[in-house]
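These notes concern the structure reproduced below.
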Amino acid sequence: CGSFMAMGIEKSASGNLESEIHIYDIRNVQINQPAKFITKIQRKEGVNGVAITKETSGNGGKYIVAAGEGKKISIYKSTHSSLFDPNLKFELMHNFDICDDKDEFNASGSGLALITQKDGSIFLITLNDNDGGGKSKMNLYKLNRSVLSLNENSPYFQRVDSKDMPIGD
């Protein structure tokens, strides 16, 4: 469902003190060739879910990566509009707690998806994985441009909708 894939890798399943996000070119997979590693983002915390999308060219055309660790979400932005640029880096734009109601565990970032619409709007889908299955939800957020420009004057996300996901263990 795209040309590139982001994958989160933790050094250890316990402690979650280090992780990396690997970015791969997956275009050749459709012709039975291996995915090609492009770059990685080093993290000083764990990672439960990752997602990648690209801004429309009118909004800069850079790549956006979201990484979730429990209820915390990190947003990274590429320094270049090509993932193959030799000087490519990903800058941390924001690190924050996305949950609206901490008692309900309703916006964990264990499963993430980023979607860019033709008009340049970017949406984030979060799926939680409450081990008991009792409070599982899917949330749809619209990212405000401030998330991508370090403008602290407006909310980062606007929740568009939420759906209970009655998933057993």
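We did not get these values from a lab; they are worked out from the coordinates using the rules stated. Since the model is a prediction, treat every value here as computed from it, not as a measurement. For neighbour counting, all protein chains shown are included, and Cβ atoms are generated from backbone atoms with ideal geometry for every residue, glycine included.
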Problem - Karplus 3J(HN,Hα) series, Hz, for the range 30-35 with 6.51 cos²θ - 1.76 cosθ + 1.60 (x for Gly, Pro) - result: 5, 10, 6, 10, x, 5
Exercise for the section: Take the Cα coordinates of the range 12-99, assign each an equal point scatterer, and use the Debye formula without solvent to give log10 I(q)/I(0) at q = 0.15, 0.18 Å⁻¹. Expected result: -0.63, -0.86
Handout entry: Spatially proximal lysines relative to K89 (Cα-Cα < 24 Å; intrachain offsets below 8 disregarded)
Key = K11, K36, K40, K44, K54, K62, K72, K77
Handout entry: Positive minus negative residues near G61 (Lys, Arg vs Asp, Glu; Cβ under 13 Å)
Key = +1
